[in-house]
Each structure stands twice: as structure tokens, then as C-alpha cells.
Amino acid sequence: MVLLIDNPASDAHATPAGHPEQVARMAAIRDVLADPFFDDLMREEAPVADEADLLLCHSRAYVDRIRDAIPEAGPRALDPDTFVAPGSWEAAMRGVGGVLRAVDAVLTGETERAFVASRPPGHHAETATPMGFCLFGNVALGAKHALERHGLDRVAVVDFDVHHGNGTQNLLWNEPRALFFSSHQMPLWPGTGAPGEKGASGNVVNLPLSPGSGSEEMRRVYEERVFTQLKGWKPQLILISAGFDAHTADPLANLNWSTKDYSWLTTRLCEIADSVSGGRVVSALEGGYDLTALAASVAAHVAGLMERER
């Protein structure tokens, strides 16, 4: 069984007209997941996280700064790319809460796998810096929640967004119990993610992909680097930063992945989870800005989590 956690508060996280990280992203995802093909999903709304949950990765001063930045009317720019609106605090807190709820559900045996459909995304938010549309490190917080509160010894985070997961890298840099993989186009914003960035204990694996490359390069890198290390690491939980902006139709980058690539990648990660972590997988939405490609890719990803062919 797969748990789908939706965050209706995402709809109140408004960005300026023309901004790629738009409210319509969630509508596209909800529409495609309303198909009868997905009727077997367990469905919940994301709960609100406690501020104490944020302190697993972020400082109190940073949490206060973001809360105090929420405008009475908006949107308001935190940097040239990252905005907050009157509804952004609840959206972000439910985004974190949704990931923590998914981790709880998977680790207590309520379900094997979960997908959290929420915005704003999280993988660019650093310890004390919002950036790249992101406010809090949703997936990194989920990893720390699993380690600190569920007593796990080893977790893995796989980030296949087209942009480097600099925030997750920053938040988990000093965490030897978390193995972090990021595949991403390079060169591309934010300019981090070189192979030499390895984490304090060699727990960071950056896998740059060439602009214009597609399925062949991606599948080779994952087969040779990610899957092999995952099997050796034997994580007790696999978390996925599921960005769909490596799709060939996405306007923000230049990789040429297809919808079938997301199906293949999800299926392979689930097979590895079945062999090393009791099938336990938690995935959370990151990027993906062409609405048609986003919807199709999310559908392929969730079908893969369900171990069904779509």
C-alpha cells in the first residue's frame, strides 16, 4: 500500500505571476492522481509540524526569521527567486509535517511507501538560508526525524531533481548516518554539486550530468554509482527528493529525461528498498515546472511506488 499525502495549504503559497513554482503545479498533480488507476492509494492531508521539528536541522534564529518574514499581503521576495505570501507559513509547516508523517507511517508499518505532494519544495533550503523557492529542508528533516526519533542507524537520500540539492547537502553534511546522492545537471544553478564535495565523512555523493544528456547517461550513472552504493550501505529507509525538472520538456534546464525514465528510476529504487530496507521509501515533491510533463512524471513515479505499470 502507498500513502499519498496532499498539502492543501500549498494553494495559499502564492508566487508572482509568471513564476515557475506556481500554485497550478499542485492542481496538475491532483488532477492526474484523481484517475481511477490510483484509487488504491491511501490518502491523507499533511499535518502541521511543530517548530521544534524544524530545529532538527535549522536554527531557532532562522525559524524566527522566516516566520517574521511572512507578509500580511504578498507575495514578498526573500531573494530574487524565493517568495513568501500570507499562506506560506502554514504551507511550509504542513510540507514538513507531511514528510514527518510519511516517515512515521512507513517506519511504524502503516504502509511501505509514501509520496508527499507539497509546495514549497525544500532541497535548496540551507541551515540558515532560504533559496531556490525553498524555505525548510523537508527531506533532510525527514531523515533527521528517522535517525533521532525512530532510532535508525542508516538512512539514504536520493535527489534526482535537475538542480543540485545544495540545501540537503548542507543540512546533512555532518551527519554520518545519512548517505546523500544528488544527480543534477552541471553547469547549472546553484553552481554547487561537484564530485569533490563529499561531506564530512564521505557521506555525500554528487553525480553531475552533462547538459543535453538523457536516459543513457542517467541510467548508467545510477546503475554504476547509486544502486551499487545503496546496496552496500543497506539503509533502513530510503528518502527521495523527487524533482521532475530533468524532463526534456522542462523550461528551467537542459536534460532530456523522459517520463519512462522516472518510472524506471522509481522501480529500481523500490527494488533496492525491497532488498535492503523492508521496502520502506518516502518520496517528496521538489521541482518540475512544465505542467504537462510534471503531471505525467508524477503519475509514473507514484505508479512505480505502487509497483504497477501505467
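All of the numbers you see were taken from the coordinates with simple rules; none came from a lab. What you see is a predicted model, and the numbers here were worked out from it, not measured in a lab. All Cβ positions, even for glycine, are placed from backbone atoms using ideal geometry, and neighbour counts span all protein chains on display.
Some observations on this one:
- Region 35-82: number of residues that are closer than 25 Å to residue 190 by Cα, among the hydrophobic types (A, V, I, L, M, F, W, C) and either in a loop (DSSP other than H, G, I, E, B) or in contact with a strand residue (DSSP E or B) (Cβ under 6 Å, 6 or more places away or on another chain) (or both): 7
- Matching entry among 263, 241, 275 (being part of a strand (DSSP E or B), within 22 Å of residue 1 (Cα to Cα) and not aliphatic (A, V, I, L, M)): 241
- Residue list for region 181-196, restricted to those being touching a Gly at 6+ places or on another chain (Cβ under 7 Å) and closer than 14 Å to residue 123 by Cβ: 182, 184, 190
- So residue 80, is it surrounded by 18 or more Cβ atoms within 10 Å (Cβ to Cβ) and farther than 16 Å from residue 237 by Cβ: no
- Enumeration of residues in region 209-227 that are in a helix (DSSP H, G or I) and surrounded by 12 or more Cβ atoms within 10 Å (Cβ to Cβ): 215, 217, 218, 219, 221, 222, 225, 226, 227
- Enumeration of residues in region 138-170 that are crowded, with 23+ Cβ neighbours inside 10 Å, more than 13 Å from residue 237 (Cα to Cα) and of a type outside the set (Ser, Thr, Tyr): 138, 141, 159, 160, 161, 162, 163, 164, 165, 166, 167, 169
- If you go through region 288-310 and keep only what is surrounded by 21 or more Cβ atoms within 10 Å (Cβ to Cβ) and in contact with a Cys (Cβ under 7 Å, 6 or more places away or on another chain), you end up with 304, 305.
- Residue within region 17-24 that is under 17 Å from the mean Cα position of the chain (by Cα), among the small types (Gly, Ala, Ser) and assigned to a loop (DSSP other than H, G, I, E, B) present: no
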